[in-house]
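Data first, discussion second: the structure below is written as structure tokens.
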Amino acid sequence: QVQLVESGGGLVQAGGSLRLSCAASGIIISLNPMGWYRQAPGKQRELVAGITSGGSTNYADSVKGRFTTSRDHAKNTVYLQMNSLKPEDTGVYYCNALKRGFNYWGQGTQVTVSS
């Protein structure tokens, strides 16, 4: 059974930083693509950052240069380091994993960036 648990969200002022964590079980993160998505109020869920099983990363244009995703194989945990946060980064952030063609999702963690 795959379970993804996000943590690290909170309230931060513009220009600040947060690090989100996604602790995975039932899946080996180094063997599967992982991603971070966010959903702002009234908007579609969008891909923020992704990491392949080989370690390659990709980012939405809006976060390039500010966000970095990484993983710790020993802890089976994926991270999203968010720097220089902007109010438009506000939303619920979800961890995603792809295993055998099926998408798994965490419960989400709220990130709120104030001006």
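Every number in this text was worked out from the coordinates using simple rules, so none of it is lab data. No experiment lies behind these values; they were computed from the predicted model shown. Don't worry about glycine lacking a Cβ; one is built from the backbone with ideal geometry, like all the others, and counts go over all protein chains shown.
A few comments on the model shown:
- Taking the DSSP beta bridges with both ends in the chain, the antiparallel portion is around 90 percent.
- Selection from G26, P41, Y79 lying farthest towards where the dipole of the chain points positive, charges on Cβ: G26
- Contact order relative to length of the stretch 1-90, as percent, for alpha carbon pairs under 8 angstrom and 6 or more apart: 32 percent
- Ranked packing of 41-54, 81-94, 10-23, most packed first, by mean Cβ within 10 Å: 81-94, 10-23, 41-54
- For the chain, the equivalent ellipsoid built from the Cα gyration tensor has semi-axes of 23, 14, 13 Å, listed from largest to smallest.
- Measuring between their Cα centroids, the stretch 76-97 and the stretch 1-58 lie 6 Å from each other.
- Using Cβ point charges alone (K and R +1, D and E -1), the dipole size of the stretch 51-115 about the Cα centre works out to roughly 240 debye.
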